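One structure below.
Throughout, read-outs are computed from the coordinates displayed, never taken from laboratory work. The structure presented is a predicted model; accordingly, all values stated were derived computationally and were not measured. Positions of Cβ are generated from backbone atoms using ideal geometry, with glycine treated the same way; all protein chains shown enter the neighbour counts.
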Ligand code: ADP
């Protein structure tokens, strides 16, 4: 199941929230435990110790009154003894309701039993005392002392046990305090790590497809309309990728329609244009009869403009062919030097008419595998542009040298230069950087696009370097294969 960005965010934060709640629940549980133990110390152990003291006091009072009564036989003393006995019994009952350990219950039962034995001994002795006869009071005394000693021992043990319980509870509080501190720290650290991990995963889930889409949009801007964006999740991004792919389809269709249109139009235009050119030439050569100087001037303008149109149509045909992948290449191993020379010679009439000199500086070059016609086209275009854009009295220099990557050819001019903002797009179709509406230099803007395609199809690279007012340098490197 592919989760949407929204569900991923909700799920991620829910997990962090659950972890934080779990940590809090644990801490609350521990605090309740502390509370229970503290309450137990305050309401049980402290009270047991308090009543223990009262028990000891009332026991001592009983012993004191009982001893005095045996000596003085005074009813007031007996009354006091009975009062202490009752108080002792009440305290014993209270303490019984507080203790819960088996050992303590057993101790209390034993104290009750011993106290009862002590009381029955006392009442037996009291009865004998009333008869005023002789009785073995030493034996009574010894037996009572023995019982009271044991009660004292039992009471001490009860006190020790209670104190031990208190220490145990305090130790428990300290131990579980440490444990819960450790566990809370572990949970907090886990939540933190988990939180960061979840954030990274969710962000990556969103940014990764976004980067794919971004790079595709950049490619579309450069004319790559292949629909190849593959994003399977999250669903929102998948939809975006699908929309982008269908946009590519549509763009491809439109681009093909445009190329087809150019190709058709170029074909349809070339034949009549060639006829116009040939006819004009014949008329100029006076095949159709004598013509006046004025007529000759008009005819030569028509011939020149037909030539420009034929060149434009040829360029458009070339670019359509290249874009349709139908450009054919015939590769042979050649020396570029004569090719360059040939291209320069072809440009001499134009350069002479513009008073632009062409200088060359060529080293010996290795033979490379090229389609001579196409490379001539490249050279003519670059040198032609250089001459075209260089003003009267300027200089065009053609350099050729072997480099590590192959053969490097540069065409340098002293023309107006190209603004840096156009340098990146200068090789795109119909891009004309230097021309303004008022500029008299006319062109189609496809020459450099053809150059780029041809060099690319030869496995080479081409680029332009320029600074406004300081001329331009167009360079291409062809590999030695
Ligand atoms: P065009 O037929 O317009 O010359 P290109 O594709 O050959 O078409 O050139 C595209 C644009 O590049 C030109 O219109 C011009 O603005 C610029 N350009 C090309 N070469 C030069 C150069 N040597 N100096 C200045 N600008 C140039």
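Dividing the convex hull volume of the alpha carbon atoms of the stretch 211-333 by its residue count gives 163 Å³ per residue. Note that the stretch 81-144 shows a convex hull volume over its alpha carbon atoms of 71 Å³ per residue.
Label zone (residue 183, point 7 Å along Cα-to-C-beta; backbone nitrogen cut-off 11 Å) within the stretch 1-32: 23-31. Pairs of C-alpha atoms in the stretch 105-230 farther apart than 27 Å represent 66 percent of all such pairs.
By DSSP, what percent of the beta bridges with both residues in the stretch 245-399 are antiparallel, rounded to the nearest 5? The answer is about 40 percent antiparallel. Compute the label zone of residue 49 within the stretch 121-157: residues whose backbone N is under 18 Å from the point 7 Å along Cα-to-Cβ. 155-157, by backbone N distance to the label point. Length gained on full extension, residue 274 to residue 246: 5.9 nm, using 0.36 nm per residue less the C-alpha separation. Listed peptides 257-270, 449-462, 125-138 appear in the order 449-462, 257-270, 125-138 once ranked by packing, highest mean of other Cβ atoms within 10 Å at the front. Annotation: the antiparallel percentage among DSSP beta bridges lying fully within the chain is about 80. Fully extending the segment from residue 257 to residue 79 would add 51.3 nm, taking 0.36 nm per residue of separation and subtracting the current Cα-Cα distance. Compared with the dominant Cα axis of the chain, that is its longest principal axis, helix 235-284 is turned about 10°. Taking 7 Å steps out from each Cα toward its Cβ at residue 465 and residue 25 produces label points 7.0 nm apart. With the gyration tensor restricted to C-alpha atoms of the stretch 1-86, the semi-axes of the equivalent ellipsoid amount to 71, 8, 6 Å, longest first. In this rough spin-label picture, where each label sits 7 Å from Cα along the Cβ direction, the residue 71-residue 224 distance is 11.8 nm. In the chain, the longest principal axis of the Cα atoms and the axis of helix 102-130 are about 10 degrees apart. Centre-to-centre, using Cα atoms only, the stretch 1-78 and the stretch 357-428 are separated by 97 Å. The Cα atoms of the stretch 328-481 define a convex hull whose projected area, averaged across directions, is 8.7 nm².
If you model the chain as an ellipsoid using its alpha carbon gyration tensor, with each semi-axis the square root of five times an eigenvalue, the axes come out at 124, 22, 17 Å, biggest first. Extension gain, residue 287 to residue 150: 0.36 nm times the residue separation minus the Cα-Cα distance gives 33.6 nm. Applying Stokes-Einstein at 4 °C and 1.567 mPa s to the Kirkwood radius of the stretch 321-367, computed over alpha-carbon pairs, gives a translational diffusion coefficient of 97 µm² s⁻¹. Against the main long axis of the alpha-carbon atoms of the chain, helix 447-457 sits at an angle near 70°.
Site pair residue 129 and residue 305 shows an inter-label distance of 15.6 nm when each label is modelled 7 Å from Cα along Cα→Cβ.
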